[in-house]
Each structure stands twice: as structure tokens, then as C-alpha cells.
Amino acid sequence: MKHINPSKSRQESLSGVVYASSAFLIWGLSPIYWKVMRDIPAFEIIMHRVIWSFFFLIIVLVFQKHWNEFMAAVKKPRTFMILIPTTILLGFNWFIYIWAINNEHILQASLGYFINPLINVLLGMLFLRERLRHLQTMSLALATIAVLYLTFYHGEFPWIALSLAFAFGFYGLIRKVAPVSSLVGLFIEMLFLSGPALAYILFLNSKGIGALFHISLKIDLFLMGAAFLTAVPLLLFTMGTRRLNLSTVGFLQYIAPSCMFLLGVFLYNEPISSAQIFAFVLIWTALFIYSTDAARYYRLAKNPPDLNISGKL
């Protein structure tokens, strides 16, 4: 029987927390990055994010020795067919997110990522026929009440939050059946989008209306740097999840929307009403119940499911 060194195990867990927390912190603080380009259309920003991420991921794939995995995936038409809808969902998610950030809707965006774990539970029930535990049902009920309260009592349907939550929920649902790692899957998605993205960028530049090389060196660097904001937290997240229990990652993932919420309220001074505060309190209560239940469940489970959030933010 192989002896496990407790000291080494604790060290692995600590480094895992550092890696995963760093990833979620980067995602949570990313609105500061996108705000620098607030005067550039969100669609154009997304096209640049795709192009530069594609080139950067080529380097990462070679460096991390995932190129063979990519070549194996290329030979499987089923993999490509699975990743076509995930590509569409990822592009939609990125567009809504950046548009929301640059149009003073950070609070709704954060609400979307708070709701996302509960949406995943709902989609599992609807499409995977998973049975909900009592505390999961309670969490979903509280989240539903929060959305209905915002819609009917405050007169504000949280379409941004729900669009982000459902788009990313369906993205994760479909990616579960794709036989590729997060990194290779993201590269293939960028591969699908890179052709149209490059054509669009070249068209804008030919008309002299594109942002690249027409505004400032700072903007050029930020557009290109979107590749790092895409790939680096993904790599940190992957390194973290390899060292941590899924329940621990489940708790840490709330770092990102929490940071977004704090940025929206205290840095960008987005107005927050009593109805929004009440809705957030309901969501936070639901997440506390959900997370407590998840931690208890995965402690007892022998083989917890894989967590895949390769396209997040």
C-alpha cells in the first residue's frame, strides 16, 4: 500500500488554493481591464480576443505538450461537431459579458455568475435527469424568487445575468461530452472563430475604422493582451483543480463574482437599489445552502464529476 506524505499533501492543497484563487481573482478583476477599452465596440474587442488568444494558445499547446492531443481531436469529426455549439455559446457569453462591463452593468454580470452554479443544477435535472437533493431544490427556489422579484417588483428583468448564466451553463453541459481537455477545447473553439475574426479585423483596418493601430499604443497592447487574460487564468485554474477537491473549487469560484460586485458598487459607482440588494441577499443565501450541500455530498462521493470552465469570462 502506497504511503501518502501528509506534509506533501498539505503543500499540494495549499498550492492548489493559491493557483485556483489567483485564477478566480484575475477573472473577478477583469472588468478593470475591459473598462480601458470602453470606447471600442464589444464585438470588435471579442474579435481581437479571439485572434490573439488563438496565436497565444498555439505557443501554450506546444510548451505544455498538448499538440498530440489536439491532432488526435482533429481526426474525430464527433469532437468537432460537439465543439461547434460550444464555440457559439462561448462567443455569445464573451460578447454579453464585455458589453455589460462597458455599459455600466457590472452588477448584473456578477449576478449572472453567482446564479451560474444553480443554473448548472437546473440543467442537470432537465437534460441529464439528475435528481435534486432537498437543499438543491431550496437553492433553486430562492434563486427563482430573486429573479422574479427583480422582474415584477422592481420592473427590471435581469436579462444580462440570465443570458450569461444560461449561456455558460449550456456551454459546460455540452463540453462535458467533448473528449478533450479544457485547453485543447478552447484552442479548437478559437480555431473556429479565428477565420471570421481575422477577416472582420482586416475589413475594419482597410476602412480605417478599426481600433488597432488607429487610437494609441496603449489600446493596441490591451487588445493584444486579451490573449493573456484568456489563457493565463485558465492555466492557473487547471493547475489548481488538479490539486484540490471539487467542493473546495466550488467555494473558491465565488471570488470572481464577488470581486465584480465590489468593483461595480465601490469603484465604478453603479447604482444599486433596495430591490437589487434583496435579490443579491437571496442569491447569496441560496449559494450558501448549495455550497454547504455540495461540500457534504462530494466528501461522501467516491468519484466526483469533472469541473470544466474553460471559457469563463
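Numbers below:
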| item | result |
| --- | --- |
| Of all residues making up the stretch 168-206, the number that are free of Cβ contacts under 8 Å to residues at least 24 places away in the same chain and of a type in the set (S, T, N, Q) | 2 |
| All helices (runs of 4 or more DSSP H) inside the stretch 208-296 with 2 or more residues being polar (S, T, N, Q) and within 21 Å of residue 49 (Cβ to Cβ) | 217-241 |
| Counted residues, the stretch 235-271 - those being aliphatic (A, V, I, L, M) and modelled with pLDDT under 90 | 6 |
| Residues of the stretch 11-39 that turn out to be closer than 30 Å to residue 270 by Cβ and of a type in the set (Asp, Glu), as a count | 1 |
| Selected residue [within 18 Å of the chain's Cα centre (by Cα), touching a residue at least 40 places away in the same chain (Cβ under 8 Å) and under 17 Å from residue 263 (Cβ atoms)] from 33, 19 | 33 |
| Every residue from the stretch 243-298 that is among the small types (Gly, Ala, Ser) and without any contact (Cβ under 8 Å) to a residue 24 or more places away in the chain | 274 |
| Residue within the stretch 24-42 that is surrounded by fewer than 18 Cβ atoms within 10 Å (Cβ to Cβ), among the β-branched types (Val, Ile, Thr) and modelled with pLDDT of 95 or more present | yes |
| Matching residues in the stretch 58-82 - criterion: being of a type in the set (S, T, N, Q) and closer than 20 Å to residue 172 by Cβ | 79 |
| Number of the condition not met by residue 240 [criteria: (1) crowded, with 17+ Cβ neighbours inside 10 Å; (2) more than 18 Å from the chain's Cα centre (by Cα)] | (2) |
| In the stretch 183-212, the residues that are of a type in the set (S, T, N, Q) and more than 23 Å from the chain's Cα centre (by Cα) | 205, 206 |
| Pairs with Cβ under 6 Å, 6+ apart, first in the stretch 122-133 and over 18 Å from residue 165 (Cα atoms), second among the polar types (S, T, N, Q) and not in a helix (DSSP H, G or I) | none |
| Residue in the stretch 252-266 that is among the small types (Gly, Ala, Ser), surrounded by fewer than 19 Cβ atoms within 10 Å (Cβ to Cβ) and within 29 Å of residue 10 (Cα to Cα) present | yes |
| Answer from 286, 199, 275 - the residue that is crowded, with 21+ Cβ neighbours inside 10 Å and among the aliphatic types (A, V, I, L, M) | 286 |
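The values are calculated or read from the model by the stated rules, or taken from the named source; none is laboratory data. Every value quoted in this text rests on a predicted model; they were computed, and no experiment measured them. Reconstructed Cβ throughout: ideal geometry from the backbone, glycine too, with neighbour counts over all protein chains shown.
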